[in-house]
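The values are calculated or read from the model by the stated rules, or taken from the named source; none is laboratory data. This one's a predicted model, so the numbers in the text were calculated from it and none came from an experiment. All Cβ positions, glycine included, derive from the backbone under ideal geometry; neighbour counts span all protein chains shown. To get the accessible areas, we keep the full protein, side chains included, count just its heavy atoms, and leave off ligands, DNA and RNA. Shrake-Rupley method; radii C 1.70, N 1.55, O 1.52, S 1.80 Å.
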Amino acid sequence: SNKPRKKKKKRKTKKNSAGETVEDNDLEDIESLLERIEDPRLAPQSQGGVSTDSRPLLYVEHRNLNPENELKRYFGARAVLGDQRPRQRQRQYVRSMWLTAPKNTWPRYSKTGISMQLLDTRRGVQHFTFEHHREYQQVQFKFLDAVESMDPNNIVLLLQMNPYHVDSLLQLSDVCRMQEDQEMARDLIERALYSLECAFHPVFSLTSGTCRLDYRRPENRAFFLALFKHLMFLEKRGCPRTALEFCKLILSLDPEDDPLCVLLLIDFLSLRAREYSFLTRLFQEWESHRNLSQLPNFAFSVPLAYFLLSQQEERPALERGQARERAARLIQLALIMFPSVLMPLLDHCSVQPDARVASHPFFGLNAQISQSPALNQLTSLYVGRTHALWKDPAVMAWLEPHVHEVLRMVDARNALVQEAEHKRKIRYQSAPRNIYRHIILSEMKEATAALPLEVTSQPVMGFDPLPPLDSIVSYTRPERTSHPSNESTLSLFFRSLLPNFNLQGDVRHDGDDEAGAAQDLNQGVNRLMAAMRDMLANIQFQEPPREDNPEGDGDWD
């Protein structure tokens, strides 16, 4: 009975003697297997390049949530991992996560006071919500005080005491990004995702596409925003496939309302990740009940996806021909419905249109001036985000004859042209709040400049931009004793410089006559002078070196 054990032990020793070589070979085998699985030639396809995958449309794969897997496909496992493998054997134990990989540099995790509850199950769809316990609510109130102080150092101090407070991590990430510290900004977002994932309900699934979170509840918004900011960092990092998977995850959490309007982004990520079949499948399955063709980004990106599918030589000739026909029909409909996209798109691509296109009023300046502000925001967002995908000479050569065909239809007074003009006048009167929220989060300057005054005039916080008007509030912040909203502009300015300064002093309850106002002004000036003296007294100047010892202490080597 001992013989098999001895043989097994010998085989194990022999394997270990090969050392790192065996491990590297295994990694390369896994990578080659992943490449074969993701090879578009091996994926099941139907006519026109639409995938016949039986899985749900918004099905999320765990391995596609890890950016290292995508980077390894581009650069190889050896270049991405480097010397990390030996270190990981000595690493302390941490929970295995799907959204982020915990780092050794992070503070030790302890329960933060966030939990997730299952509200109900309807028609196979499970509705969850995050909940804040009493201790977390107290930290949240301190965070709101820190935000009102307009001093990021107060948020830093709060995070030192509560290193996994989610809203503080989101807000401080925006501060770091504004200061060009992209690495720290990304790290804070990943830490926020880690904190939220630790609070998941046992039956909450990232991959099923049947778990819902209501954005109207303030406790749920941090998860949406952290996912969105994380996918934006992933796209800039050069991981569009991983960013697309996170985009699908956000859409699956609330596909009906789409609070962050990721439908304006998912087409761009699909094209960047070369997931053309997914984009065409999304368009075909959702067009009937979501009217995706009425969004400029889908109207132009879907025909571009069909064209790129028709360029893949490994596909059958019949399938490529059908994809090219669909691309031709859809791009002409897009140009008729949204003529204001063409000229800015060509301008961003540094392409000079021919004389007929440049002089025709249908695509001219009037097309951009006559459209509503809401439509202008959508077209500006699409052109600013996606123009790099249209720079390919092959794409421009495909687009040119269809532009001339549309002009021919316009000159012939085709009924489609008249119908599209009528739709533009009736629709797009005002954009919903989720589109404004998406534009603010995307920080696309072309679209941000087109935002209406009622949006730009109100303060926008990174931890909760444009909260829904019909929010479901579970707890409220206690009323403050002071009322900073009644302070003058001068008082707010000095209080930003000197946090302990208060120009108004205590609120009087006996009315405000002229004598009292003058007395308050004198007291305010006296308090200002006292605060300035305190500030100057705390400034310390370093003494210059004495002349008898010009070289200092001589400690420098």
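Among the numbered conditions (1) without any contact (Cβ under 8 Å) to a residue 60 or more places away in the chain; (2) over 27 Å from residue 104 (Cβ atoms), the only one that residue 214 does not meet is (1). A residue that is modelled with pLDDT of 90 or more, of a type in the set (Val, Ile, Thr), not in a loop (DSSP other than H, G, I, E, B) and not assigned by the TED database to the domain that holds residue 348 occurs somewhere in region 439-446. So is residue 188 crowded, with 22+ Cβ neighbours inside 10 Å, free of Cβ contacts under 8 Å to residues at least 40 places away in the same chain and at negative phi or not? In short, yes. The residue of region 294-316 that is nearest to residue 384 (Cα to Cα), among those that are touching an Asp or Glu at 6+ places or on another chain (Cβ under 9 Å) and of a type in the set (Gly, Ala, Ser), is 301.
All of 264, 234, 196, 170 fail the test of being among the aliphatic types (A, V, I, L, M), at pLDDT 95 or above and in contact with a Ser or Thr (Cβ under 6 Å, 6 or more places away or on another chain), apart from 234.
The criterion of being under 17 Å from residue 65 (Cα atoms) and modelled with pLDDT under 95 holds for residue 205. For region 261-288, the set of residues classified as out of contact with any His (no Cβ under 6 Å at 6 or more places or on another chain) and outside any helix (DSSP H, G or I) consists of 265, 273, 274, 275, listed by residue number. Please work out if residue 510 is open to solvent by less than 80 Å² (accessible area, probe 1.4 Å), of a type in the set (D, E, K, R) and at pLDDT below 90. Against the criterion (open to solvent by less than 80 Å² (accessible area, probe 1.4 Å), of a type in the set (D, E, K, R) and at pLDDT below 90), residue 510 does not qualify. So residue 467 ticks every box in (1) open to solvent by 40 Å² or more (accessible area, probe 1.4 Å); (2) closer than 30 Å to residue 312 by Cβ but one. Which box is left unticked? Condition (2) is where residue 467 drops out.
Which number in (1) more than 30 Å from residue 61 (Cβ to Cβ); (2) open to solvent by 20 Å² or more (accessible area, probe 1.4 Å); (3) of a type in the set (A, V, I, L, M) marks the one condition that residue 155 misses? Answer for residue 155: the failing condition is (2).
Per-residue answers, yes or no, for (1) open to solvent by 30 Å² or more (accessible area, probe 1.4 Å); (2) of a type outside the set (A, V, I, L, M); (3) out of contact with any strand residue (DSSP E or B) (no Cβ under 9 Å at 6 or more places or on another chain):
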| residue | (1), (2), (3) |
| --- | --- |
| 145 | yes, yes, yes |
| 160 | yes, yes, yes |
| 169 | no, no, yes |
| 179 | yes, yes, yes |
| 205 | yes, yes, no |
| 235 | yes, yes, yes |
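Filtered by the rule that a residue be open to solvent by less than 40 Å² (accessible area, probe 1.4 Å) and over 19 Å from residue 395 (Cβ atoms), region 296-335 gives a lone residue, 319.
What are the residues in region 348-363 that are among the small types (Gly, Ala, Ser) and over 37 Å from the mean Cα position of the chain (by Cα), if any? Listed by number, the residues that qualify are 355, 359.
Taking the listed residues 315, 408, the one that is in a helix (DSSP H, G or I) and over 25 Å from residue 262 (Cα atoms) is 408, with no other qualifying.
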